[in-house]
Amino acid sequence: MSNAPLSFVPYKALRWLLLCVAACGLPPAYAASLAPELLPRVQSATFEVVVPKPTADPLSYEKPLPLDLLPFQERNDKYFSIGTAFALGNNRYVTAAHVLDAALGGLYDAPALRDAAGHVYAIDQITKFSLGQDFAMFSLAQPPAQAGALEVDTRPALNQTVFAVGNALGTGVVVRDGLYTSNTPEEENGRWQWMRFSAAASPGNSGGPLLDQHGKVIGIVLMKSPNENLNYALPIGEVLKAPDHLAQIDKRFSYQANFLDAVQVGNFKQQFALPKSFADFSTTFQKLYDGFYDELLRGLLDKHADELFPHGAGSQRLLHASADMRGFPAWLRRDSAGNWALWSPAHDRKSLGDNGYVESGKAGNDVLLLHLRKPDTIQAAALYGDPKQYMDLLLKGWAFNRSVGTDKVRITSFGKPTRDSLYTDAYGRRWQVRVWPVAYSNVLVLSYSLPVPNGYVGMLELAHANSAHAALDEMQAQCDFVDVAYSGTLAQWKDYLAQTTLLPGNLAGIKLDIDYGHRFSYRSNRLELAYGPELLKIAPNSLLELGFSFVDAHGGKAGLEVGDIGVRAQADEPERINLSRHVAPAEHGGDRGDDWWNKLKQRQHPDDAVAYASKGETRIGSLWGHPADNAQLLYRATYSADGNVPQDAMKAKLDLLLKSVQVNEH
C-alpha cells in the first residue's frame with residue numbers, strides 16, 4: 001500500500017504489485033475489540049482474493065529451489081493471495097480495483113475468492129468498476145451455500161472506533177481497531193472524500209471492509225500513508241451510488257520517456273458496459289489501457305517534435321561531432337544546456353570465457369543497457385538465430401535471482417521466448433525483439449537486441465505483464481536514441497556480414513574484402529581504404545572498428561554514416577591505423593570549436609606528420625589531401641605503434657596509410 005491509490009498504475013511504478021503478492025494476507029495478529037457476537041458474520045462475509053500459482057515453470061536454476069525454507073502453508077498453497085473482498089448480499093462482492101489489476105492482462109489465471117475454510121469460488125461477472133475510486137463489484141459463479149453479508153452505513157460519524165478487516169491466507173479474519181479521524185478530498189479535483197483512519201492496515205487489507213463498532217461496512221480499505229499511521233478508505237456510499245452495469249475509467253497519469261526530460265500528462269478516461277466475465281473484462285480493459293499509453297507516447301513525441309533530435313538548435317553540436325568509438329551503447333540525451341549529447345551509464349563486465357563477456361549498466365526507468373561480446377567458440381549464425389542461447393549467455397553475466405525464503409537462487413535460463421520478431425529503426429538498424437515470461441512473479445523480460453560483429457548491444461527491461469505493451473513501445477522509440485560503434489575481429493566481421501537479413505541499412509553500401517595475409521579493403525561511396533601486410537598485419541584476429549556519425553538527411557531526418565575506421569594488427573595489440581571524418585563546427589561551437597578546427601586544417605600538432613610518444617606508444621598523424629581555407633570536411637589519418645619507434649619508420653607507415661586512402665566526397 002502507498003500514499004496513492006494502488007490502481008492500474010503506469011508500468012514504471014509496478015513494484016507495489018510484487019510487494020502485494022509477497023505480503024498480501026500477512027498482517028500480524030492483533031487483539032480485536034469487535035464484539036464477539038459480530039465476528040461470525042464478519043468472518044463468513046470476508047474472503048481472500050487469490051490467483052492460482054503457475055503449474056509449469058520453464059525456467060532453469062543453478063540449483064534446486066530450496067522450497068523447504070518457505071513456511072508450510074506458503075509451500076503447500078496452490079494460490080497466491082493478492083488481497084481481500086467482502087460480501088454485501090444478493091451475490092454482490094466488493095474489492096479494490098487494484099487487487100483485480102494484479103491479474104488483468106497478466107500471466108496469472110482469473111482471480112477467485114477463498115473463505116476461511118479454504119473453499120475457492122470463481123468470479124462470474126464484473127458488474128461495477130471504477131479505476132479512479134479504486135473499487136470493483138462482481139458476482140460469483142456459485143456463491144457459498146451459507147453466504148454471509150455485511151450491512152452498510154453510508155453516513156458514519158467521525159471520531160468513532162473503526163475496524164480494518166483482512167483475510168490472512170485462509171487462516172481467518174484478522175481485525176485491527178483504530179479511529180475514523182477525518183475526511184480528505186480526492187487529489188485531482190475533489191470529486192469525492194477519502195476517509196482517513198488510524199486502524200493498522202497492510203497490503204493484505206487492500207479491498208477489505210472498514211467496519212464501524214456495529215460491524216457495518218463504512219468503507220473499502222485502499223491505501224496508507226508511508227510515514228504515519230493514517231490509512232485511507234473509499235466510503236461505501238460511493239460504491240452503492242455508482243452506476244450499475246458500467247465500468248468507469250477516469251484517472252490522471254504522467255509519462256516520461258528515457259530520452260526526454262519532459263513529462264506528458266494524460267487522463268485515462270473511458271467507459272464500457274458491464275457485466276462481463278473476468279476474461280472479457282480483462283481483454284476490454286487491456287485494449288483501452290494499451291491504447292491510452294500509445295496516445296501518451298505519441299503526444300509526447302508530437303509535442304516536442306521541434307526539439308527532439310535531429311531538430312532544433314540543441315541538435316547541431318551532435319550533428320557536427322566526430323564519431324564515437326565506444327563499444328558499450330550510449331544514449332542520446334539533452335544536457336542541462338539543452339544540447340543533445342551521448343551518455344553511457346556506469347557499467348561492469350563479467351567474463352564468459354573464450355574472450356567473451358557481458359557488460360551491463362542501469363540506465364533510467366529500470367532499463368538495462370548491455371553489450372554481449374560472444375565467446376570465440378560460438379558462431380554468429382548460431383547466436384543470432386537462437387534467442388535462448390543469447391539470454392542464457394546474458395544470465396551468466398547478469399544476475400537474475402529468485403528469492404525463496406532467505407535464499408536467492410540464480411536463474412540460468414528463461415527457456416524460449418514467447419515473442420521473437422524484428423524491428424527496423426530510423427537508421428535502418430535491425431533489432432531483434434524478444435519477450436520471456438517469468439510466471440512466478442507475473443512479469444516479462446523484454447529485450448531489444450542489436451546484432452553487431454562481436455555479439456550484441458541492447459536494452460533489457462522487466463515489466464509487469466499487463467504493462468508489457470507500453471514498455472515495448474517506449475523501448476522501440478528509444479532505439480532511435482542509441483549509438484554504438486561496431487567492433488569485431490576480421491573473422492567475426494566475415495561471419496556477421498553473412499547474416500544478410502540482420503545487417504543495418506547504413507552498411508548496405510559498404511564492401512569489405514578480406515584476404516588474410518595479403519589484402520584488406522574497405523569501400524563506400526564516401527571513402528576507399530586498401531592496404532597490404534607492409535602497412536598492417538591482416539589476420540583473422542585483426543580488429544576492425546567502425547564508429548558512426550550523425551548526419552543531416554533529407555526530410556528532417558538524421559542518418560548514421562561511418563565516421564571513424566580503426567584497424568588493429570591484433571585485437572590485443574596497440575599497433576593500429578585510424579581514419580576519422582570531421583565536419584566543420586556548427587555555428588554554436590560544434591564538436592570542439594573553431595579553434596580546434598583551424599588547428600586541424602593547418603596540420604598543427606598532433607597532425608603535423610611528426611611522431612610523438614603517448615601512453616607507452618608512438619603515434620603519428622596528418623590529413624588526407626590538401627584542404628582549402630573554406631574546407632567543410634576533413635579526413636584525419638593516424639598510425640600508432642607499440643613502444644618507441646623512430647620518426648623515419650613512423651613517417652614511412654603514415655605515407656603508406658595516406659596512399660591507401662581515396663576520399664570520394666568534398
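The values are calculated or read from the model by the stated rules, or taken from the named source; none is laboratory data. For clarity, every value in this text was computed on a predicted model and none was experimentally measured. Because the Cβ atoms are built from the backbone with ideal geometry, glycine has one as well, and the counts that use them run over all protein chains shown.
Which of the residues spanning region 373-432 are crowded, with 18+ Cβ neighbours inside 10 Å, in contact with a Ser or Thr (Cβ under 9 Å, 6 or more places away or on another chain) and of a type in the set (Gly, Ala, Ser)?
Scanning region 373-432 gives a single hit, Gly397.
Which of the following residues is at positive phi and surrounded by 15 or more Cβ atoms within 10 Å (Cβ to Cβ): Gly207, Gly237, Gly266, Gly190?
Just one listed residue meets the conditions, Gly207.
Run down Asp57, Asp77, Asp124 and say which single residue is surrounded by fewer than 16 Cβ atoms within 10 Å (Cβ to Cβ), out of contact with any Phe, Trp or Tyr (no Cβ under 6 Å at 6 or more places or on another chain), assigned by TED's automatic domain parsing to the domain that holds Lys251 and of a type in the set (D, E, K, R).
Residue meeting the stated conditions: Asp57.
If you scan region 132-152, which residues turn out to be aliphatic (A, V, I, L, M), in contact with a strand residue (DSSP E or B) (Cβ under 9 Å, 6 or more places away or on another chain) and either within 22 Å of Leu211 (Cα to Cα) or in a loop (DSSP other than H, G, I, E, B) (or both)?
Residues satisfying the conditions are Ala136, Met137, Ala141, Ala147, Ala149, Leu150, Val152.
Inspect region 148-159 for any residue being surrounded by fewer than 24 Cβ atoms within 10 Å (Cβ to Cβ), of a type outside the set (Gly, Ala, Ser), closer than 28 Å to Phe253 by Cα and modelled with pLDDT of 95 or more and give the result as yes or no.
For region 148-159, residues surrounded by fewer than 24 Cβ atoms within 10 Å (Cβ to Cβ), of a type outside the set (Gly, Ala, Ser), closer than 28 Å to Phe253 by Cα and modelled with pLDDT of 95 or more: absent.
When you go through Gly314, Gly338 one by one, which is the residue that is over 24 Å from Gly361 (Cβ atoms), outside the structural domain of Asn578 (by TED's automatic domain parsing), surrounded by 18 or more Cβ atoms within 10 Å (Cβ to Cβ) and not acidic (Asp, Glu)?
Gly314
Among (1) farther than 14 Å from Ser60 by Cα; (2) in contact with a helix residue (DSSP H, G or I) (Cβ under 8 Å, 6 or more places away or on another chain), which single condition is Ser413 missing?
(1)
Please find, among Ser360, Ser344, the residue that is within 23 Å of Gly566 (Cβ to Cβ) and either surrounded by 14 or more Cβ atoms within 10 Å (Cβ to Cβ) or hydrophobic (A, V, I, L, M, F, W, C) (or both).
Ser344
Give me the residue from region 626-648 that is surrounded by fewer than 13 Cβ atoms within 10 Å (Cβ to Cβ) and small (Gly, Ala, Ser) and, out of that set, modelled with the highest pLDDT.
Checked region 626-648; the qualifying residue modelled with the highest pLDDT is Gly643.
Given (1) surrounded by fewer than 19 Cβ atoms within 10 Å (Cβ to Cβ); (2) assigned to a strand (DSSP E or B), where does Pro451 come up short, assuming only one miss?
Exception for Pro451: condition (1).
Output the residue which, of all residues in region 32-80 that are touching a Lys or Arg at 6+ places or on another chain (Cβ under 9 Å) and at pLDDT below 90, is farthest from Asp109 (Cα to Cα).
The residue in question is Ala32.
Look at region 357-382 and say how many of its residues are over 21 Å from the mean Cα position of the chain (by Cα), under 28 Å from Trp343 (Cβ atoms) and not hydroxyl-bearing (Ser, Thr, Tyr).
Number of matching residues: 2.
Any idea which of Asp608, Asp629, Asp648, Asp642 is over 21 Å from Ser549 (Cα atoms) and under 44 Å from the mean Cα position of the chain (by Cα)?
Going through Asp608, Asp629, Asp648, Asp642 in turn, the sole match is Asp642.
Please go through region 383-437 and give me each residue that is in a loop (DSSP other than H, G, I, E, B) and of a type in the set (A, V, I, L, M), ordered by number.
Ala399, Ala426
Quick test of your reading of the structure: Asp306 fulfils all but one of (1) in contact with a Gly (Cβ under 8 Å, 6 or more places away or on another chain); (2) in the same structural domain as Leu140 (by TED's automatic domain parsing); (3) surrounded by fewer than 20 Cβ atoms within 10 Å (Cβ to Cβ). Name the failing condition by number.
Looking at each condition in turn, Asp306 falls short on (2).
For Gly215, state whether it is at pLDDT 90 or above, within 23 Å of Ile82 (Cα to Cα) and either not assigned by TED's automatic domain parsing to the domain that holds Gln133 or not in a strand (DSSP E or B) (or both).
No; evaluated as a whole, the condition is false for this residue.
Cβ contacts < 7 Å: first residue over 18 Å from Arg326 (Cα atoms), restricted to region 480-507; second residue aromatic (Phe, Trp, Tyr) and in a helix (DSSP H, G or I), any location; separation 6+ or different chain. Result?
Note: pairs meeting the criteria are Gln499/Tyr384; Leu502/Tyr384.
Please find, among Ser225, Ser198, the residue that is farther than 30 Å from Leu140 by Cβ, at pLDDT below 90 and assigned by TED's automatic domain parsing to the domain that holds Phe86.
The match here is Ser225.
Filter region 351-367 down to the residues that are more than 19 Å from Leu462 (Cβ to Cβ) and of a type in the set (Lys, Arg) and list them by number.
Result: no residue meets the conditions.
Is it the case, given these coordinates, that Ser622 is modelled with pLDDT of 95 or more and under 26 Å from Ala321 (Cα atoms)?
Yes; evaluated as a whole, the condition is true for this residue.
Tell me which residues, restricted to region 352-385, are touching a residue at least 12 places away in the same chain (Cβ under 8 Å) and among the small types (Gly, Ala, Ser).
Once the filter is applied, which keeps residues that are touching a residue at least 12 places away in the same chain (Cβ under 8 Å) and among the small types (Gly, Ala, Ser), region 352-385 yields Gly353, Gly356, Ser360, Gly361, Ala363, Gly364, Ala380, Ala381.
How do the strands (runs of 3 or more DSSP E) wholly within region 79-127 filter down when requiring 3 or more residues that are under 32 Å from the mean Cα position of the chain (by Cα) and closer than 24 Å to Tyr440 by Cβ: which remain?
By residue number, 79-89.
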